[in-house]
1. Describe numerically, in nm with one decimal, the distance between label points set 7 Å from Cα along Cα→Cβ at ALA140 and at ASP345.
2. At 0.36 nm per residue, minus the direct Cα-Cα distance, what do GLN224 and ASP115 gain on full extension? Give it in nm, one decimal, please.
3. Could you rank ASP223, ASP106 by how accessible they are, 1.4 Å probe, largest area first?
4. Quick one: accessible surface of VAL94, probe radius 1.4 Å, all protein chains present, in square angstrom to the nearest 10.
5. Once ligands and nucleic acids are excluded and a 1.4 Å probe is used, how much of ASP363 is accessible, expressed in Å² to the nearest 10?
6. Using a 1.4 angstrom probe, figure out how much accessible area the chain has per residue, in square angstrom, rounded to the nearest whole.
7. 5 Å is the cut-off here: which amide hydrogens, built 1.01 Å from N in the peptide plane, fall below it relative to ARG382, excluding neighbours closer than 5 in sequence?
8. With both bridge residues required to lie in the chain, what share of the DSSP beta bridges run antiparallel, to the nearest 5%?
Amino acid sequence: MLKTTTVVVGAGHCGLAMSRRLADRSIDHVVVERGEVAHSWRTQRWDSLRLLTPNWMTRLPSYSYRGSDPDGYLTAPEVVELIARYAKESAAPVRANTTVTSVRRDDDGYLVQTDQDVWHAKSVVLAQGANTVANVPELAAGVPAGITTLTPAEYRNADQLPDGGVLVVGASASGVQIASELHRSGRPVTLAVGEHVRMPRTYRGRDILWWMDATGMLDERYDQIPDLVRVRNLPSMQLVGSPERTTVDLNALAGVGVRLVGRLAGIRDGIAQFSGSLPNIITLADLKLQRLLDSIDAWVTATGFDDVCPPQRFQPTAVPDAALTLDLRSGAIRTILWATGFHPDLSWLDVPVLDRKGRVRHDGGVTASPGLYLMGMPFMRRRNSTLIDGAAADAADLSEHLVRHLAHS
Ligand SMILES: Cc1cc2nc3c(=O)[nH]c(=O)nc-3n(C[C@H](O)[C@H](O)[C@H](O)COP(=O)(O)OP(=O)(O)OC[C@H]3O[C@@H](n4cnc5c(N)ncnc54)[C@H](O)[C@@H]3O)c2cc1C
């Protein structure tokens, strides 16, 4: 059996940020990775995907963006390059092509079984990713035979799909980006819209994320949020990172001819049934956007920040006359894309820290099992915990906690 102080599971940016913090604190550790560094960016992203966060937001411990386009958006291969370079510069002790098959407690810490060997460690950091498995709703069982179905993790480009209409289910970042791309490929696209977070790409002359960063919204802490369960389940922002800095909200999509319908509520006898609540959902998303812009304006006034364009307000989202049903047997829809979110794969975790839904119970990334930590979960310690930009602060806090744990164990 091999021994180390800490095993970090996963060499995405979270695992590597933690590795860097552990190295800074001289904690002996290994980072166990089932593929290569940045595996999910190599294998689970579509061809045209760019980060929706600007390049200056790729801040990691002891690393910041060095290119010539801080306001641009990295492509997926560029993200791979960035993460791989970070791992190399950090001399991260990555064990690549090694899959963790079980983590369980023993008297003195944890036994980490991999497909290569067994590690004993006093602590374990679960950095296996929040977005490993795409969610597919149970109602998918009712999709008639002959319709191609796929998830954003499987989607690469429009050429992969049969000709004909596409139903994209889910209007968050992945759904709106892929719906827009498929529409540009000449396919008729229907987008089923549930709860969503409307965002303009730019506001008052700056990237919306610049404002969220400057006003401190992205750093809001988990222990200052009244309804943590709700915010942890919020969908991703309707944003795309494109050189043209386009906004990809429902008005933009409807404007080019994407057909909007409500949330997909069921499929009965081959007929897709959509919720009639789309007008309410749209009103709510517009209201939340309004509140966001109001708080940015209030910050500008309060700080006296003057390097800024005047306030803007965006057109309310036009409420479509949305169909409530769609006959999936008619041949009009040849493909369904489930853009309905992701969840982690923790099937190998044999420590009793999971809730009824299979999610790790934690307090800001600290689990109830001493020495077991999490990284990269939605709003784990801060609003930006799932973003590349959030890993540095989270890893700093959790590595500090881990050091205290080691001192007392
Ligand atoms: C489509 C999409 C777009 C995104 N866009 C942005 C963006 O614009 N900006 C941004 O900041 N964030 C973005 N994110 C969110 C986030 O930054 C990424 O999901 C990121 O990959 C998460 O980093 P991570 O290190 O937590 O997990 P991952 O990058 O998924 O890394 C986890 C690693 O763990 C490994 N692993 C998993 N299980 C095991 C095991 N059992 N044994 C060994 N290794 C294992 C995996 O192979 C993987 O390499 C996006 C996410 C998605 C899905």
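1. Reported label-point gap for ALA140 and ASP345 is 1.4 nm.
2. Numbers: separation 109, 0.36 × 109 = 39.24 nm, distance 4.09 nm.
Going from the current span to full extension adds 35.1 nm.
3. ASP223, ASP106
4. 40
5. ASP363 exposes around 90 Å² with every protein chain in place.
6. 44
7. TYR222
8. Working: 28 of 62 bridges.
Counting only bridges with both partners in the chain, antiparallel ones make up about 45 percent.
The values are calculated or read from the model by the stated rules, or taken from the named source; none is laboratory data. Computed from a predicted structure; not experimentally measured. Every residue, glycine as well, gets a Cβ built from its backbone with ideal geometry; the counts of neighbours run over all protein chains shown. Surface accessibility is based on the protein's heavy atoms, side chains included, excluding ligands, DNA and RNA. Shrake-Rupley method; radii C 1.70, N 1.55, O 1.52, S 1.80 Å.
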